[in-house]
Amino acid sequence: MPQSINRQAQSHMVPVHHLGISQIISFGMLFYAFAPLKTYVMAASSLSASAILSLVSFSMLFQALFMPAIGNACDKYGALRIMGIGFFTGAIGFLLLGMTGHQLINFLPSYIWVGGCFVLIALGLGMSSYEAAFTATIQLDEKNARKKISIITFYGGVASTVSWLCLTPLLSFFGLAITTTLVSVLLCCTAIVIWQIAKSKQTNYFNNSFKPQPFHWSLLTKIEKQSLVCLATTGGVQYLMFSATTLLLISWFDWQYGNLTMAVILASICGPFQVIGRYIEMQFGHKLDARKTGIIAHLLVPTSLLFIQIPSPVFAVIAMVLFGMGIGVITVSYGFVTNLYFRAEVYGRAKSISAALRMIGVAVGPSLGGWLFTQQREDFMTIMVALALLSTASFALLLALKPTNSIHQQP
């Protein structure tokens with residue numbers, strides 16, 4: 001049976017809601033958790049805040065180097081299987097992180113131990129987050145991928161809010177060791193569920209005789225090459241800005257208003273509105289070209305970062321609403337627009353190239369953001385606005401490139 005027909009026959013089998021819940025756990029525990037964890041890891045390891053942020057950046061950069069291999073594995077063995085391995089990897093990282101400062105590991109310098117834990121967590125994120133979830137969806141139901149990607153990101157939109165509101169009290173009451181152990185158990189349970197789904201959903205598609213289609217730069221058409229460059233540039237710049245901003249939102253509001261509780265609440269607002277943005281995309285986005293909705297979403301981000309600089313709680317709320325909605329739709333756009341130019345058989349590898357640049361942006365973001373926030377606090381958000389506008393301009397260039405995937409071309 002041809003692969004395209006096989007995917008169509010399995011379309012009703014896409015575990016879209018399981019994948020959506022997995023993204024709350026993946027992003028919430030393997031990325032957003034760094035914000036509340038930072039202070040407790042500092043205390044346990046005696047490392048400075050700048051050292052912790054540098055280790056976060058290093059771990060994300062390490063992950064970026066492995067993204068092409070992860071994309072290739074998703075195409076070859078099935079993205080669901082890779083996601084299961086990713087959650088197990090993250091679980092090991094968290095379990096070991098809880099041992100930071102314990103006398104059993106005094107033979108290792110703290111920065112090596114913490115850095116190693118962060119690397120495992122980052123690799124787990126790379127294998128279990130949106131890139132893999134989107135690839136799994138496209139592998140099983142390419143024709144209806146846009147709607148299903150929207151549903152998956154609909155769940156993922158609350159990852160930051162769930163993470164911060166759950167981990168903050170857990171860390172406060174139980175400390176680092178118990179909290180990280182609980183997170184590790186959660187990640188292990190998620191890995192088992194995803195692996196079981198992989199065995200039942202992808203057995204027919206990824207059998208022993210399956211051979212992924214070749215994917216090399218020399219084999220790509222001019223439009224495919226140009227689209228890949230645009231997507232990689234957009235993702236790299238956007239997520240540099242995103243990681244620098246998101247991990248410092250609480251610090252920004254605390255500095256602006258001098259109230260940590262208020263800062264946490266304001267920073268958490270963006271999560272629910274990511275969900276609202278994705279709901280709007282899911283309900284009405286199909287009426288517009290995905291590239292156009294992506295441009296609109298991109299423009300909401302610099303607008304929000306302009307509003308956030310106004311010293312008013314009202315404008316802060318508006319800013320977080322716009323920021324959340326913009327980021328929410330952008331995630332859907334990155335996932336689906338890639339499929340406009342690259343079919344399911346090579347999607348994982350194509351997406352991994354832009355994902356590698358995205359993770360480099362994520363890697364540089366925390367350390368760059370921390371330095372800017374310390375040295376040039378008043379100009380921090382203005383610089384983030386400039387980066388957001390650069391990302392928007394790069395994404396807008398896609399309008400000049402006609403989609404090459406026949407499945408999504410208009411009749």
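Going through 260, 305, 240, 266 one at a time, which residue ends up being crowded, with 23+ Cβ neighbours inside 10 Å, aliphatic (A, V, I, L, M), over 16 Å from the mean Cα position of the chain (by Cα) and closer than 22 Å to residue 37 by Cβ?
After applying the criteria, what remains is 266.
Please name all residue pairs, on different chains or six or more residues apart, with Cβ atoms under 7 Å, provided the first residue is in the range 388-401 and is of a type in the set (Phe, Trp, Tyr) and the second residue is in a helix (DSSP H, G or I).
395/230; 395/234; 395/294; 395/295; 395/298
Filter the range 99-116 down to residues that are of a type outside the set (S, T, N, Q), within 27 Å of the chain's Cα centre (by Cα) and surrounded by fewer than 24 Cβ atoms within 10 Å (Cβ to Cβ), then give me how many there are.
So the answer is 6.
Evaluate the following for residue 340: is it without any contact (Cβ under 8 Å) to a residue 60 or more places away in the chain and either out of contact with any helix residue (DSSP H, G or I) (no Cβ under 6 Å at 6 or more places or on another chain) or part of a helix (DSSP H, G or I) (or both)?
No, not satisfied.
For the subset of the range 281-296 comprising residues that are surrounded by fewer than 19 Cβ atoms within 10 Å (Cβ to Cβ) and at pLDDT below 85, which member is farthest from the chain's Cα centre (by Cα)?
287
Suppose the filter is over 19 Å from residue 193 (Cα atoms), within 18 Å of the chain's Cα centre (by Cα) and modelled with pLDDT of 90 or more; does residue 69 pass it? Give the steps one after another, and end with the answer.
Values: over 19 Å from residue 193 (Cα atoms): yes; within 18 Å of the chain's Cα centre (by Cα): yes; modelled with pLDDT of 90 or more: yes.
Answer is yes for this residue.
So that you can scan it fast, the table gives a plain yes or no per residue for (1) buried (at least 17 other Cβ atoms within 10 Å of the Cβ); (2) in a helix (DSSP H, G or I); (3) touching a Cys at 6+ places or on another chain (Cβ under 7 Å):
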residue	(1), (2), (3)
314	no, yes, no
320	yes, yes, yes
347	yes, yes, no
357	yes, yes, no
362	yes, yes, no
366	yes, yes, no
379	no, yes, no
387	yes, yes, no
392	yes, yes, no
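Would you confirm, using the coordinates I've provided, whether residue 176 is at pLDDT 85 or above and under 13 Å from residue 26 (Cα atoms)?
No.
The values are calculated or read from the model by the stated rules, or taken from the named source; none is laboratory data. Just so we're clear, the structure is a prediction, and the values are computed from it rather than from any experiment. Here the Cβ is made from the backbone with ideal geometry for all residues, glycine too, and neighbour counts use every protein chain on show.
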